[in-house]
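Working notes for the structure below.
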Amino acid sequence: MPALPSDLRKALLNLPQKEKDQLLSRLVSQDSVLCEQLTYRLLEGPEALEDRREYLRRQIDDPVRGFHQSPNDLLLIVRQLQARIAYHAKITDDAFGEVDLTVRLLNRVFEHQPQVVARLHGPTQPLLQHLARRTHEMLRQTGKLHPDYHLELSADINQLLARLWNSGAAPLARELGVPRVFDAS
């Protein structure tokens with residue numbers, strides 16, 4: 001985003017307060033992400049964070065279960081849910097929630113779709129590649145969190161890693177350098 005020229009900035013700051021308020025309202029209403037971020041920060045507050053996480057948990061748990069016509073159908077659902085998790089993190093700055101929800105999503109895929117992730121072959125390759133890459137990325141994000149969170153996440157992450165290495169995605173995980181065990185210390 002280009003910076004405002006200093007003379008325009010000074011002119012804006014010298015506007016009457018009522019005009020500044022109108023400009024601000026118009027500008028904010030044009031950016032839906034900014035509107036939602038401000039709604040969360042100014043109206044809902046941090047108390048709503050757990051409610052938002054719980055809403056996403058329910059969304060993750062439902063569509064991953066059940067029958068899917070093809071591995072690509074499941075991949076599409078996983079990508080959509082991952083996009084919702086990323087949007088949640090963008091709105092709330094919830095880095096822990098993003099990792100926690102991603103681990104939950106990946107674990108649910110391995111838990112509820114064992115026949116789809118059991119073997120690496122043509123139809124399952126895109127899904128298994130996505131699962132291995134998302135696991136690798138999630139571990140990178142986890143490394144950026146405060147070490148106290150590592151202890152809280154370690155059991156679920158280790159469960160995910162065990163499932164990943166016991167699935168058809170094991171060769172892909174090896175290729176990416178995904179560890180077999182998450183060290184919380």
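The values are calculated or read from the model by the stated rules, or taken from the named source; none is laboratory data. Please read all numbers here as calculations on a predicted model, not as lab measurements. Backbone-built Cβ (ideal geometry, glycine too); neighbour counts: all protein chains shown.
Here are a few things to note about the model shown:
- Helices (runs of 4 or more DSSP H) wholly inside segment 1-104 containing at least 1 residues that are in contact (Cβ under 8 Å) with a residue 12 or more places away in the chain and surrounded by fewer than 16 Cβ atoms within 10 Å (Cβ to Cβ): 32-38, 49-64, 71-92
- Just one residue in the set 12, 34, 24, 4 is of a type in the set (A, V, I, L, M) and at pLDDT 90 or above; that residue is 34.
- Residue match in segment 111-124 (condition: assigned to a helix (DSSP H, G or I), small (Gly, Ala, Ser) and either over 20 Å from the mean Cα position of the chain (by Cα) or under 18 Å from residue 61 (Cβ atoms) (or both)): yes
- When residue 151 is tested against (1) among the aliphatic types (A, V, I, L, M); (2) under 15 Å from residue 106 (Cα atoms); (3) in a helix (DSSP H, G or I), just one condition goes unmet, and that condition is (2).
- Residue check, residue 151 touching a residue at least 12 places away in the same chain (Cβ under 8 Å) and loosely packed, with under 13 Cβ neighbours inside 10 Å: yes
- Looking across segment 150-185, just one residue is closer than 22 Å to residue 118 by Cα and hydroxyl-bearing (Ser, Thr, Tyr), and that is 167.
- Residue 105 falls short of the stated requirement of being within 21 Å of residue 47 (Cβ to Cβ) and hydrophobic (A, V, I, L, M, F, W, C).
- Hey, residue 184 among the small types (Gly, Ala, Ser), surrounded by fewer than 18 Cβ atoms within 10 Å (Cβ to Cβ), touching a residue at least 24 places away in the same chain (Cβ under 8 Å) and over 26 Å from residue 53 (Cα atoms) or not: no
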